[in-house]
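Please read the structure below before turning to the comments.
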Amino acid sequence: MSNDQAIKYSLTLDPSISKSATRDHPQPAASLPEAKKTNITPRGSNGDENASIYFIGTATTILEWEGIRILTDPNFLHAGDHVHLGPGVTATRQTNPAIDLHELPRIDAVLLSHYHADHFDQEVEASLRRDLPIISTPHAKECLVDKKGDDKFTDVYDIDFFQNMMLDIKTPGGGEKAPAIKVTGMPGKHVPDGPLSVANDLVGAVPPTNGWMVELGYKVSDDSSFQSGYRIYISGDTLYVNELEEIPKRYAGKNIDLMLIHLGGTTIPSPKMPLLMVTMDAEQGIKLMQLINPDVTIPIHYDDYDAFLSPLEDFKKAVSSAGWDDKVVYLDRADMYKFAVKQ
Ligand SMILES: [Zn+2]
């Protein structure tokens, strides 16, 4: 299989090295707590699931495969905690994460869609191990490395739209096929186009954001080409914008197995003054399902903050009336979704 673009960065992840996700807890938990409920594809399976996604809350999930754990958009605040999303823009958390930050098992890398406090909160920022690899936007990289002394994050990778990075996974025996994860930045836009004066006032509060294509697969030893065995599209905090239409073009003929979609219809500056929607609501979510056409869609980022004004119920209704109930899996916090990465 050919790679569309040169790999911008490569990083080797070694599951035998056990390091805590946080800097003050040297001994990480051995594993994730048992899931409250485990789901598989509604279309039935062959019982060969070998990878999983554990839903912590907001856009925070843990992807586990081949001994590697990738944490997305870490947010571990609790109900009642506040986040500052920019000048005059705050939100209050309504839910608790499935696990606490200090209960995390070993984490190998973080995938951060954008540098915003409901995706990378103040406690996460203070506590994460500084040499934990973080893959994010160019804007986030600037913020994460622009710190004094020991507070500086030292292993940050900036990936722009359609740039990619290879995460090689070290396996004890080696072998003909080496597991690897290819991460490609996908377009995303938090603020709609157009001469919207409100947007102009608020735009400073809203950082640039990425979506991701995460491909779990194998490198063949002869020529190091990468074969994807499972494709996950993560929307990030985007609205439905024209730029997203580039995605099915670039992945024409390639199956998207799973979509993690950030919904919620996040509206700023506050629930009392809802002026500008910055993430998709139910209607846009349905449009994105139509565009990307994944086998399975899992909504995340839907009820954790009071700024989320589009309830999951709206999306559920829209899915049902589109006749797509067998294409969507609903996860509650602490639920898991298991799937099979093809060899
Ligand atoms: Zn968000």
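The values are calculated or read from the model by the stated rules, or taken from the named source; none is laboratory data. Keep in mind it's a predicted model, so treat the numbers as computed, not measured. All Cβ positions, even for glycine, are placed from backbone atoms using ideal geometry, and neighbour counts span all protein chains on display. The accessibility values were calculated without ligands, DNA or RNA, using every heavy atom of the protein model including side chains. Shrake-Rupley method; radii C 1.70, N 1.55, O 1.52, S 1.80 Å.
Size descriptors for the chain, from the alpha-carbon set: Rg then Dmax equal 19.0, 60 Å. Couplings 3J(HN,Hα) of the stretch 329-343, computed from phi: 10, 9, 10, 8, 4, 6, 8, 10, 10, 10, 8, 10, 8, 6, 7 Hz, in residue order, whole Hz [Karplus 6.51 cos²θ - 1.76 cosθ + 1.60, θ = phi - 60°; x for Gly and Pro].
When the charge dipole of the chain is built from unit charges on Cβ atoms (+1 for Lys and Arg, -1 for Asp and Glu) and taken about the Cα centre, the candidate among Q343, G188, P269 whose Cα reaches farthest toward its positive end is Q343. Based on alpha carbons, the Rg and Dmax found for the stretch 237-343 are 14.5, 51 Å.
Grab the DSSP H runs of the chain that are 4 residues or longer, score each as -39,500 (n - 2.57), total them, divide by all residues and round the 222 nm result to the nearest 500 deg cm²/dmol.
Values: 6 runs with 46 residues, N = 343.
Per the formula, -3500 deg cm²/dmol.
Exposed loop sites here are GluC sites (Glu not before Pro) assigned a DSSP state other than H, G, I, E or B and surrounded by at most 13 other beta carbons within 10 Å; excluding them, the longest clear run of the chain is 177-343.
Find how many whole Å separate the alpha carbon centroid of the stretch 252-271 from the alpha carbon centroid of the stretch 71-114. If we compute the Cα centre of each part, the gap is 17 Å.
Only lysine pairs 8 or more places apart or on separate chains count here, and in the stretch 269-343 those with Cα atoms under 26 Å apart total 12.
When the accessible area of the stretch 7-339 is computed with all protein chains present and a 1.4 Å probe, what percentage of it is carbon and sulfur?
Working: 6510 of 13320 Å².
That share works out to 49 percent.
Mean separation of Cα pairs under 8 Å and 6 or more residues apart, divided by the residue count, gives the chain a relative contact order of 20 percent. Counting every pair of alpha carbons in the stretch 263-315, the share spaced more than 16 Å apart comes to 39 percent. For A30 and A322, the difference between the fully extended length at 0.36 nm per residue and the C-alpha to C-alpha distance is 100.9 nm. For the chain, the per residue solvent-accessible surface stands at 41 Å², with DNA, RNA and ligands left out and a 1.4 Å probe.
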